[in-house]
Structure formats: structure tokens, C-alpha cells
Amino acid sequence: MKRINSSLISTTVRALAQSMTTKIMIILAKKLITDYDIYKRTGFPASIAIPNKDAARQIVTDIVKQDKFLDLVLLLVEIGDKGLMGRKYAIPYMREIISGVFDLGYIYDSSNKIFVENPKYSMTRNWGALKVGEEYTLTFLRLDIVGNSGIVRENPGDKVEATYTILREITQKAVHSRNGRIWGWDGDGGLAVFFFGTKNQSAVMAAMEILHEVYFHNLIDNRLTKPFQIRTAVHSGPFHYTDDEAELKASESVKRVIKIEGNFTKPDTLTISPVVKLMLDALAANQFKPFKGSDQLEYYNYKLRFEVFVASENSPLLQLFFPTTRWGILHT
């Protein structure tokens, strides 16, 4: 994360020193740093009581060095709201501390109760929040081009490359506009991930928009010998965050979404797992039809069907399904 400025550190030190004893501060620190020893950190003899301000300064400094400052702020918010060990604590300067976090480029995700990077200023792979080795519930969107080898064989290389570039741009637009991230792209498809807010709804809406944009690309700007088709799938599940590609592919949730896309999804459709369907709002959920896969589990499928109509750009249905699109269409 970005460097914490000295003013924000000083304000946080004052907040701790003025609201709790050294003993409570140590309990707080141990929630974030295992086996935290204030005496080893400060050099004070164990027989001497450490002044509040010195303890607060040392604890905040150590937490910043451990890259856990945002965790500390979240803990202070929780303590101010719910208390600690049965006692409520009025933490001063919280407005200033929260404002300082926002100035660092973070926003609060109420669904997951964490700070994530503001997409207006930064879009890193982990939203500036996910930590390696920790488990999170993520929603995965898998996309794949049908018959890639045949497309490559039957078309000039420059046209294939241009078409696949367009697909990636369509995907980036649909994913990034909903604060998702693309974690993998191998030319003929990729993996997008959603984490905060209504992540299942966002992933499904992104997949629908991609299907829609590909349909119109094929209709008016196809450069290949015939229109290309894609398959999309969405699944949500636990994931131990990692930057390692081998570990990513070994994840059960990732393998699951790949299997759903490859085994249970027809061209130009979207298949979602039951856990995703359960989290959709009624309007989105009603677009899907249930079916049983060859594994005898139930899935839900969405298929493109269009009719042209005249509608306001502010149509609620259009804004729900295709908020970034340039087309006026109605899904029937």
C-alpha cells in the first residue's frame, strides 16, 4: 500500500494514547501481530510501566512496518462500535483517520468490512487489500473462445489477432467497470475475478455484457471467415489468495469454474452455479433456466435472444444489464 504520511501516523498515535491504557493497546497489537512484545520493541525494562504515548507510538510504528495499518483502522472502527472485552471505547480523531485513509486512495467495502483501493486512482490485482495466504470468497468469471484452433487455421494471423484484441477490450470494459480484475488471459480467453460489493451480481452482469458485445461485433464488424463464439461461466467459492499462477490453477474454485465453462456451457451462453444464482436479485435471476449437468448437479443457463426496440438510454433494464454498452436492445 501507499506510504502512510507522518501526520496520519501521529493522529493515530494520539487516538490510541487518549482512549485506552497500555495494557489494552498491547491486546490490540496482538490481534494484528502474533506474540507482540512491547518491551522487546521499546527496550523498556519489564519492571517499568511504559508511558501511554510511548506505547502507542511504538505499536503504530510496528503495525505500519508490518503493512497492517488498514487492519488497525478497521479494528479501531470495530472497537468504537462494538467495544473490546466487554467495554466500549470512544476513539477520538476517527473522522480524521478515516479521511486520511480515503486520501491514500482507499474506499470502505461494507460487504466485506475492509478497505479496498479506489478504482478511480488504482487498479491492482488484489484491490490493494487481499493478503497472500489468507482465504476469501471470490466470484470467478471464465471466458473461452469456441474452436480456437480452427479459427487460427482458417483465418489470416492479423485478423485473428485484431479480433482477439477486440474481445479482450470488450472483456476489460465489462469487468473493470464493475471493479473486477482480470487475473489471466491466454489469447483465446481468460479469467476475471470479483471481490467486493455484490460480487456475484457484478460477475453475471459482466458476462452478459460480454456476450452481448460479441454478438454485435459479429453482426457489424466481423473480420473472420465466420462469426466467432464464446462460452462464459460464473462460480463463487473460497480462494487462498496467491500471485502464483500454478497455485491459482490448482484452486478448487478456479478448477470448478473452468469445468462449468468447458463441460456444461454451450456456445454463446452463460452458465452459473447454484451459489451464484442464489445471490442474484430477482430481475437477473429470472433470466436463467435450470438444467442438470452430466454430473447430475443443477446449473443455470442464460442464452442470448434479442429484439430491436426504441428505448430511452436511461431504461432500468438496459442500465442493469448493459451499463457501459452503446446499444439499445432488450433481452426477451
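The values are calculated or read from the model by the stated rules, or taken from the named source; none is laboratory data. Note that the structure is predicted; figures quoted are calculated from it, not measured. Cβ atoms come from the backbone with ideal geometry, glycine included; neighbour counts cover every protein chain shown. These area figures cover heavy atoms from the full protein model, side chains too; ligands, DNA and RNA do not enter into them. Shrake-Rupley method; radii C 1.70, N 1.55, O 1.52, S 1.80 Å.
Some notes on this structure:
- In segment 214-251, the qualifying residues are those that are more than 22 Å from Asn112 (Cα to Cα) and β-branched (Val, Ile, Thr), and the one that is nearest to the chain's Cα centre (by Cα) is Thr232.
- For Gly150, the test of being within 23 Å of Ser19 (Cα to Cα) and without any contact (Cβ under 8 Å) to a residue 12 or more places away in the chain is failed.
- First in segment 27-45 and without any contact (Cβ under 8 Å) to a residue 12 or more places away in the chain, second anywhere and open to solvent by less than 50 Å² (accessible area, probe 1.4 Å) and of a type outside the set (Ser, Thr, Tyr), Cβ under 8 Å, 6 or more apart: Tyr39/Ile50; Phe44/Ile38; Phe44/Ile50
- Number of residues in segment 72-112 that are on the phi > 0 side of the Ramachandran plot and open to solvent by 60 Å² or more (accessible area, probe 1.4 Å) equals 3.
- Among the strands (runs of 3 or more DSSP E) confined to segment 83-188, the ones with at least 3 residues that are modelled with pLDDT of 95 or more and of a type outside the set (A, V, I, L, M, F, W, C) are located at 135-145.
- Just one of the numbered conditions (1) farther than 25 Å from Glu117 by Cβ; (2) touching a helix residue (DSSP H, G or I) at 6+ places or on another chain (Cβ under 8 Å); (3) crowded, with 16+ Cβ neighbours inside 10 Å is not true of Ala46: (3).
- The residues on offer are Val204, Val234, and the sole one that is modelled with pLDDT of 95 or more, in contact with a strand residue (DSSP E or B) (Cβ under 7 Å, 6 or more places away or on another chain) and part of a strand (DSSP E or B) is Val234.
- Filter result for Ile38 (buried (at least 16 other Cβ atoms within 10 Å of the Cβ), farther than 20 Å from Ile97 by Cα and among the aliphatic types (A, V, I, L, M)): yes
- Screening Leu8 against (1) within 31 Å of the chain's Cα centre (by Cα); (2) modelled with pLDDT of 95 or more; (3) over 25 Å from Thr124 (Cα atoms) leaves a single unmet condition, (3).
- Applying a threshold of 9 Å to beta carbon distances and a minimum spacing of six or more residues, or different chains, the list of pairs starting in segment 155-169 at a residue that is polar (S, T, N, Q) and ending at one that is assigned to a loop (DSSP other than H, G, I, E, B) and open to solvent by 30 Å² or more (accessible area, probe 1.4 Å) reads Asn155/Arg223; Asn155/Thr225; Thr163/Asn222; Thr163/Arg223.
- Residue count for segment 261-293, restricted to those that are of a type in the set (S, T, N, Q) and touching a helix residue (DSSP H, G or I) at 6+ places or on another chain (Cβ under 9 Å): 4
- Residue among Val73, Val60, Val13 that is of a type outside the set (D, E, K, R), in contact with a strand residue (DSSP E or B) (Cβ under 9 Å, 6 or more places away or on another chain) and at pLDDT 95 or above: Val73
- No other residue among Gly197, Gly189 is in contact with a helix residue (DSSP H, G or I) (Cβ under 9 Å, 6 or more places away or on another chain) and either open to solvent by less than 20 Å² (accessible area, probe 1.4 Å) or touching a residue at least 60 places away in the same chain (Cβ under 8 Å) (or both) apart from Gly189.
- Across segment 118-157, the qualifying residues are those that are of a type in the set (Asp, Glu) and out of contact with any strand residue (DSSP E or B) (no Cβ under 6 Å at 6 or more places or on another chain), and the one among them that is surrounded by the most Cβ atoms within 10 Å (Cβ to Cβ) is Glu154.
- Restricted to segment 245-269, and to residues there that are under 19 Å from Ile145 (Cβ atoms) and part of a loop (DSSP other than H, G, I, E, B), the residue that is least open to solvent (accessible area, probe 1.4 Å) is Thr265.
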